[in-house]
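Visitor: Have a look at this one.
The values are calculated or read from the model by the stated rules, or taken from the named source; none is laboratory data. The structure presented is a predicted model; accordingly, all values stated were derived computationally and were not measured. Reconstructed Cβ throughout: ideal geometry from the backbone, glycine too, with neighbour counts over all protein chains shown. When the accessible area is computed, the model is the full protein with side chains, heavy atoms only, and any ligands, DNA or RNA have been set aside. Shrake-Rupley method; radii C 1.70, N 1.55, O 1.52, S 1.80 Å.
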Amino acid sequence: MPGRSRAGSHTKSATRKQRARRVRLALGAACFCAGLLLALPVVHAGDRSIWNPASPTAESIHSIFLLVIGITGVIFILVQGALLYFVYRFRRRDPDDKTEPPQLYGSRPIELAWTVAPLLTVFVLFLVVVRTVSEIRAAPPSENALRVTVVGHQWWWEFRYPDHGVTTANELHVPVGDDETPRPIVLELESADVIHSFWLPRLAGKTDVIPNHVNMMWFEARTPEVYLGQCAEYCGTQHANMLFRVVAESPADFDAWVEEQRRPAATPESAQAGWQLFRDLACLNCHTIRGTVARGTVGPDLTHLMSRATIASGSVPNDRDNLIEWVYDAQTLKPGCEMPGMKISRAEATTIADYLLTLQ
Ligand code: CUA
């Protein structure tokens, strides 16, 4: 009965093939769903979402993004749809059929179609990109423009206001503008060490921050709000903790903030012990506190440290416990950071933190 046993093995291999096909389908569906799930946090990144632009530059980037997604989406659906249709329509119906389908070569209309269509698509995208780049490159000339120098450091941001004589860190205060009085914020981006990237998703795109080279960028905030940004170029161990906040406020609030920031620090009698420790431990070699002899520029300016909501470049809230922890051993809060462990007692760290708390 050789015939019967052959038929039996055929059925067996046919069911095996069916099972394999089902496994492949299930795997494909699982990968697709996993991809969607992974994409969700990007879409819903909240304050850092690219879907919620709040500045003319971010809006230009957002609309070009939608256009590109739209065009590529249509191409994706056409190509994948045709692929799925042909795979299904011309599938092998008989598992024993070992013949090849008829092979066709050369079709002028088809060749023309798939040469001209991509050319046109790329040309349209090129034109739109050129227009958008010119829109977001140059800030509109305005006597109301606010100039800020941004310096990327491993791993924090320095913000200098050359027209106001103010320097701060990790928190950029800007006035909001409106149609009548636009207030463009013009940033000059510099790096103190390696390449960083200044990314402010809701207000502007991202621009590389390069050593020995000044890059420009501008944006304009329209609603008073806190916008989040981050470094978007891998720059070492603590790249992920190189966050910053942009506090957009009414022009009056902004002027008041500038006034506050220009004030030099005053050390109350009760904080003298902490100041002495700060001085004796050589903290002043790295940090500036205006109004004192501390003039270091390696670390953040601390003159108005307590006006900031976070420390360690957005890593942790700026409160007494975290300040003590930071002064005692910054490496536990931000491993690898440039702030050295000071080899001091917890009591000494507390005394210094209590001094820092007076830097309102
Ligand atoms: Cu700086 Cu990543």
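Visitor: Please identify the pairs in which a residue from segment 125-147 that is touching a residue at least 40 places away in the same chain (Cβ under 8 Å) has its Cβ atom under 7 Å from the Cβ atom of a residue that is exposed (fewer than 15 other Cβ atoms within 10 Å of the Cβ) and in a loop (DSSP other than H, G, I, E, B), counting only partners at least 6 apart or on another chain.
Guide: ASN144/THR181; ARG147/PRO162; ARG147/ASP163
Visitor: Return only the number of the condition from (1) at positive phi; (2) more than 16 Å from the chain's Cα centre (by Cα) that GLU180 does not satisfy.
Guide: Result: GLU180 fails condition (1) only.
Visitor: Which of the numbered conditions does ASN322 fail, given that it passes all the others? Conditions: (1) over 24 Å from HIS173 (Cβ atoms); (2) surrounded by fewer than 18 Cβ atoms within 10 Å (Cβ to Cβ).
Guide: Single failed check for ASN322: (1).
Visitor: If a residue has to be near the ligand (Cβ under 9 Å from one of its atoms) and in contact with a strand residue (DSSP E or B) (Cβ under 6 Å, 6 or more places away or on another chain) to count, how many in segment 199-238 make the cut?
Guide: The qualifying residues number 6.
Visitor: Condition first: in contact (Cβ under 8 Å) with a residue 60 or more places away in the chain and open to solvent by 30 Å² or more (accessible area, probe 1.4 Å). Now tell me which residues in segment 163-173 satisfy that.
Guide: Step one: filter segment 163-173 for residues in contact (Cβ under 8 Å) with a residue 60 or more places away in the chain, giving 164-173.
Correct list: HIS164, GLY165, THR167.
Visitor: Right, another one. Mind listing whichever residues of segment 253-276 are in a helix (DSSP H, G or I), aliphatic (A, V, I, L, M) and either closer than 26 Å to VAL209 by Cβ or open to solvent by 70 Å² or more (accessible area, probe 1.4 Å) (or both)?
Guide: Pass one, segment 253-276, residues in a helix (DSSP H, G or I): 253-262, 269-276.
Now narrow it down to the ones that are aliphatic (A, V, I, L, M): 256, 258, 271, 273.
Correct list: VAL258 only.
Visitor: Then there's this: Taking ARG160, is it open to solvent by 50 Å² or more (accessible area, probe 1.4 Å), more than 17 Å from ALA138 (Cβ to Cβ) and part of a strand (DSSP E or B)?
Guide: So ARG160 fits the description; yes.
Visitor: Okay, moving on. Would you mind listing the strands (runs of 3 or more DSSP E) fully within segment 199-243 where at least 2 residues are open to solvent by less than 10 Å² (accessible area, probe 1.4 Å)?
Guide: Working: elements: 206-209, 215-219, 225-231.
The qualifying strands (runs of 3 or more DSSP E) are 225-231.
Visitor: Follow-up. For segment 52-91: of the residues being among the aromatic types (Phe, Trp, Tyr) and open to solvent by 100 Å² or more (accessible area, probe 1.4 Å), which is modelled with the lowest pLDDT?
Guide: Restricting attention to segment 52-91, the residues satisfying the condition of being among the aromatic types (Phe, Trp, Tyr) are 65, 76, 85-86, 88, 90.
Narrowing the set further to residues that are open to solvent by 100 Å² or more (accessible area, probe 1.4 Å) leaves 76, 85-86, 88, 90.
Values: PHE76: 96, TYR85: 97, PHE86: 93, TYR88: 94, PHE90: 87.
Looking at residues that are among the aromatic types (Phe, Trp, Tyr) and open to solvent by 100 Å² or more (accessible area, probe 1.4 Å), I get PHE90.
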